[in-house]
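Novice: Please see the structure below; I have some questions.
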Amino acid sequence: MGRRARRWSAEDEGGGGASDAALVVCPLCERPIPLSSRSSLHHLTPKLKGGSHGGTVRLHQICHSAIHARYSEAEIARRLSDVEALRADSEIARFVAWVRTKPDDFHAATRMTRARKEGRRRP
């Protein structure tokens, strides 16, 4: 399994065992992250933009993919470098409203948005 698709394990962050890991909540969609679901660490400031030693948050893989499918590393570093800013963004808010209707372990492939593919900037 690749480093991005790495599953949460009881030894990760906190080391309190499976009971503590079961209580992890995705800060973006605010749904629990089950042990069986795909999750990953999101660098609040992208590593390429100086965030390699900065803060990280554990997100559902689909939530993490949604961020990077919509925004470049530069845009994330410039205006979306905390969870509150991400949740306040209209595109991410629309995604969060949709994903909250899904089961906690839901995952689907995420495609890069057309605007991101074409290199267009958002307001």
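The values are calculated or read from the model by the stated rules, or taken from the named source; none is laboratory data. Remember, predicted model here, so these are calculated numbers, not experimental data. Glycine gets a Cβ as well: all are built from the backbone with ideal geometry, and neighbour counts include every protein chain shown. With ligands, DNA and RNA removed, areas are computed over all heavy atoms of the protein, side chains included. Shrake-Rupley method; radii C 1.70, N 1.55, O 1.52, S 1.80 Å.
Novice: Just for segment 81-96: of the residues that are under 20 Å from R114 (Cα atoms) and more than 12 Å from the chain's Cα centre (by Cα), which one is surrounded by the fewest Cβ atoms within 10 Å (Cβ to Cβ)?
Specialist: S90
Novice: Take the residues in segment 89-123 that are under 22 Å from R79 (Cβ atoms) and hydroxyl-bearing (S, T, Y), then tell me which one is modelled with the highest pLDDT.
Specialist: The selected residue is S90.
Novice: State all residues of segment 57-76 that are over 21 Å from D105 (Cα atoms) and of a type in the set (S, T, Y); if no residue qualifies, say none.
Specialist: We begin by selecting, within segment 57-76, every residue over 21 Å from D105 (Cα atoms); these are 70-76.
Within segment 57-76, Y71, S72 qualify.
Novice: Quick one: in segment 34-52, which of the residues that are assigned to a loop (DSSP other than H, G, I, E, B) and touching an Asp or Glu at 6+ places or on another chain (Cβ under 7 Å) is most open to solvent (accessible area, probe 1.4 Å)?
Specialist: S36
Novice: Just a yes or no: is a residue in segment 15-30 open to solvent by 30 Å² or more (accessible area, probe 1.4 Å), modelled with pLDDT under 85 and on the phi > 0 side of the Ramachandran plot?
Specialist: yes
Novice: Could you tell me whether E73 is surrounded by 11 or more Cβ atoms within 10 Å (Cβ to Cβ) and in contact with a Leu (Cβ under 8 Å, 6 or more places away or on another chain)?
Specialist: Yes, satisfied.
Novice: Can you confirm whether G54 is of a type outside the set (D, E) and at positive phi?
Specialist: Against the criterion (of a type outside the set (D, E) and at positive phi), G54 does not qualify.
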